[in-house]
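The values are calculated or read from the model by the stated rules, or taken from the named source; none is laboratory data. In this text the structure is predicted, and so the values were computed from the model without any measurement. When we count neighbours, we look across all protein chains shown, and the Cβ atoms used for this are built from the backbone with ideal geometry, even at glycine.
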Amino acid sequence: MNRDRKCIIALVLGLDIYNYPLFTSHYPLITLPSGRTHDRVTLWSLPFIAGGTLFITSRADLAFWVSGGFLVSGLIFGPDLDLYSFHYKRWGKLRWLWKPYQKAIKHRSIWSHGPIVGTVGRILYLSLWVGLVGLFYLGIAQFAGVKTYTGQQLIGIVKHSIESNLSVYLATFCGLELGAMSHYSSDWLVSTYKRSPFRNLFSPSSKLKTSSQKKMPARRAKK
């Protein structure tokens, strides 16, 4: 298996190619899209996601949830929450919630940029925080003598909600995953283009260099 094939496999799996000497020595100058570029990809793709979902399902409500999940994932709930990024900064005063996530997960690892795995991991991580906050307030309420739900009642409520709105939850998850896929797909496309030999054919510097070489007169040999 050659280096190009190994690098493509690593990018598809969400592995960080910069941590492997095999890749960094072969591709030392690979730059990925900026946060603003990812935002443009998300906003430009949103009408196609909404229209495609509506065409496939013929349900406006599912198109709404898929589009909403896609937009949320592309802007604030994407794979780049594993570092100081646009996604991270948009959480405002709640950005500290993602500090443990960043310390536990390496940037561009399969646990943050891997298909399905990354989205599921972020959902479970955020659900853990929501559960901890909920337990904290329940404890305060019980301490104050306020009647609250029991653990079994809460589990029953969550179970009933999932069973009653399964299509909504699945549609939202599909939207979140599509938003994450647009992120690491654009990373892969840009890095692949920057490694390809066709990059020099369309770069302004190469055209300038070629035109200057044509205009430069040949030096006469000294007699």
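Structure above, values below:
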{"quantity": "Candidate set from the stretch 157-168 (those that are in a helix (DSSP H, G or I) and surrounded by 13 or more Cβ atoms within 10 Å (Cβ to Cβ)); member that is nearest to the chain's Cα centre (by Cα)", "calculated": "V168"}
{"quantity": "H113 in contact with a Pro (Cβ under 8 Å, 6 or more places away or on another chain) and at pLDDT below 85", "calculated": "yes"}
{"quantity": "Matching entry among G68, G74 (being at pLDDT 95 or above and among the small types (G, A, S))", "calculated": "G68"}
{"quantity": "Pairs with Cβ under 9 Å, 6+ apart, first in the stretch 82-96 and closer than 16 Å to T37 by Cα and free of Cβ contacts under 8 Å to residues at least 60 places away in the same chain, second among the basic types (K, R) and exposed (fewer than 13 other Cβ atoms within 10 Å of the Cβ)", "calculated": "F86/R36"}
{"quantity": "Residue within the stretch 141-156 that is surrounded by fewer than 11 Cβ atoms within 10 Å (Cβ to Cβ) and either touching a Pro at 6+ places or on another chain (Cβ under 7 Å) or modelled with pLDDT of 90 or more (or both) present", "calculated": "no"}
{"quantity": "Considering residues of the stretch 22-60 that are at pLDDT 90 or above, exposed (fewer than 12 other Cβ atoms within 10 Å of the Cβ) and out of contact with any helix residue (DSSP H, G or I) (no Cβ under 7 Å at 6 or more places or on another chain) only, the residue farthest from S186 (Cα to Cα)", "calculated": "S58"}
{"quantity": "Of all residues making up the stretch 107-138, the number that are buried (at least 16 other Cβ atoms within 10 Å of the Cβ) and more than 17 Å from S73 (Cβ to Cβ)", "calculated": "4"}
